[in-house]
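Below you'll find the structure, written out as structure tokens, and then a few comments.
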Amino acid sequence: MQCAKIRNIAIIAHVDHGKTSLVDRLLEQAGVFRENEQVVERVLDSGDLEREKGITILAKNTSIQYAGYTINIVDTPGHADFGGEVERIMKMVDGVLLVVDAFEGCMPQTRFVLKKALEQNLVPLVVINKMDRENARPLAVVDEVLDLFIDLGVEEEGLDFPVVYVSALEGWASLAPQQKGKNFVPLFEAIVQNIPAPGGNLAGPLQMQVSLLDYNDYLGRIAIGKVKRGVISHGSHVVVLKRDGRSENFRVSKLFGFRGLERVEIEEGSVGEIVAVSGLEDIFVGETICAPEHPEPLPFLKIDEPTLQMSFLVNDSPFAGKDGEPITSRKLGARLKREIETDVALRVEDTDSPEVFLVSGRGELHLSILIEKMRREGLEFQVSKPRVIFQKKQETLYEPFEHLVLDLPQENVGAVMEKLGSRKGDLLNMTHLGGRTRLEYSIPARGLVGFRTELKL
């Protein structure tokens, strides 16, 4: 396939700004689904926990065809706790759709994901979503996005970013905020015209970095990534450059491309294409697949450090065996270490006790998702209270702080401010938005532990 006819994009946004719904409409209008096919909403959120919680936890990719172009799309999580998924996806794509709610505007994770995209020199296409909302304020939101670009140090020529106004719910896009579109053609055209084709040397030796991992009962571990250079072929012999500096040879037993929601077997994948490779069980995210005669590693993915940790330990309480299968320390350690093979933001450490493992993650939700996954597997274990990770630099102890944003009914503002004050929160800004109030705080991460539950009450 010619690079000029490929577009690799990631869809990034703050949580609940409509990324996954946008992907649903892109797939639908690109003709991926048959006319008589029953399609569930949030089709890429395939996990039970993702559907129940209404959030994307794991990044997933798909591919659509438009006017002779192949558009590879990666849907990324919007919650800050799963930022590790976002960071590694940036290596797979050449541009991003920055989705922003037409009412809420720029939120903390909007800044985070845009910053990561700009660090990788990716081309942004701004999508103002939820134009169907009653209180939509698209022009003000575009100004907020512009201010965010300036705050992140974008040069003047980068401030003239393309903008598309979209209602993923109603299935239309437009280039003018006051004009309702008929379909997604303006968005497809904006992607083709503004997102660059992937670069790379087609004639050079193979080089591909693993950005995602999947597992199949028949094929074992499957590595997914973008071919950075050269060509990878079914049946060819390649070398994997490991994280610890070792290298390992293997044969590509199966090679897959992506067509809509399906994985299809292909004979070769060339530079710029996103492919899936099976044949080596011992392969991890961030490692490089190369031609044996040119073992050149790509820079390893840099992931932000965890902020919260918990102890996972064998259940030795009087209630052991009442809520699942009691497990040995060996089985518990193996299960936790299997998780870090695909979750690059998670850390698992041994302790002085063979029955206790220290697990560090990006936040309460990150760790709670792991706990729930293991519980649903029928495993029984104990966990400690979450603890914030302090870092010592030059004899000074530092703790992580969070930028907290809350949108509240006016009558709840006083009570919430009182609770945050007792948790050492520092009010940065207060804005009134159509009958609601937005509060922005700087708060220690330890002040947020358990706050979500308290806020719901």
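The values are calculated or read from the model by the stated rules, or taken from the named source; none is laboratory data. Just so we're clear, the structure is a prediction, and the values are computed from it rather than from any experiment. Ideal geometry is used to build each Cβ from the backbone, glycine not excepted, and the neighbour counts take in all protein chains shown. Side chains included, ligands, DNA and RNA excluded: accessible areas come from the protein's heavy atoms. Shrake-Rupley method; radii C 1.70, N 1.55, O 1.52, S 1.80 Å.
Across the chain, counting alpha-carbon atoms alone, Rg and Dmax equal 23.0, 68 Å. For every other residue with a beta carbon closer than 13 angstrom to the beta carbon of R330, add +1 if it is Lys or Arg and -1 if Asp or Glu, then tell me the sum. After counting each charged neighbour, the total is +2.
Packing-based ranking of 215-224, 390-399 yields 215-224, 390-399, ordered from highest to lowest mean Cβ neighbour count within 10 Å.
If I model a spin label at S233 and K373 as a point 7 Å from the Cα along the Cα→Cβ vector, what separation in nanometres do I get? It is 3.7 nm. Set the bar at 27 Å for Cα to Cα. Now go through K393/K424; K116/K242; K393/K419 and name every pair that lies beyond it. Where the Cα-Cα span goes over 27 Å, the pairs concerned are K393/K419. The Cβ shell under 13 Å around L98 holds other residues with a net charge of +2, Lys and Arg each +1, Asp and Glu each -1.
In the chain, the portion of solvent-accessible area held by carbon and sulfur atoms comes to 49 percent [1.4 Å probe, whole percent, DNA, RNA and ligands not counted]. Here is the link list: K91/K115; K254/K373; K337/K373. Which ones come out longer than 22 Å on Cα distance? From K91/K115; K254/K373; K337/K373, over 22 Å: K254/K373. Normalising by the residue count of the chain, find the relative contact order in percent from Cα pairs under 8 Å and 6+ residues apart. Worked out over the chain, it gives 12 percent.
So how much slack lies between E248 and E440, counting 0.36 nm per residue of separation and subtracting their Cα-Cα distance, in nm?
Numbers: separation 192, 0.36 × 192 = 69.12 nm, distance 4.95 nm.
That pair, E248 and E440, stretches by 64.2 nm at full extension.
Scattering from the range 337-457 was approximated by placing one identical point on each alpha carbon and applying the Debye formula without solvent; log10 I(q)/I(0) at 0.10, 0.17, 0.20 1/Å stands at -0.44, -1.00, -1.16.
Counting charges near P386 (Lys, Arg +1; Asp, Glu -1) among other residues having Cβ under 11 Å from its Cβ returns a value of +2. Put a plus charge on the Cβ of each Lys and Arg, a minus charge on the Cβ of each Asp and Glu, and nothing anywhere else: the dipole of the chain about its Cα centre is then about 320 debye. Equivalent-ellipsoid semi-axes for the range 247-348 (Cα gyration tensor, √(5λ), whole Å, largest first): 37, 18, 14. The per residue volume of the convex hull around the alpha-carbon atoms of the range 192-276 is 123 Å³. Among the GluC sites (Glu not before Pro) found in the range 213-273, those both in a DSSP coil and sparsely packed, with 10 or fewer other Cβ atoms within 10 Å of their Cβ, are E267. For K182, the lysines whose Cα falls under 29 Å of its own Cα, not counting residues fewer than eight places away in the same chain, are K5, K19, K60, K130. Dividing the mean sequence gap of close Cα pairs (under 8 Å, 6+ apart) by how many residues the range 319-452 holds gives a relative contact order of 19 percent. Accessible area ranking (1.4 Å probe, heavy atoms, ligands and nucleic acids excluded), largest first, for H366, H14: H14, H366.
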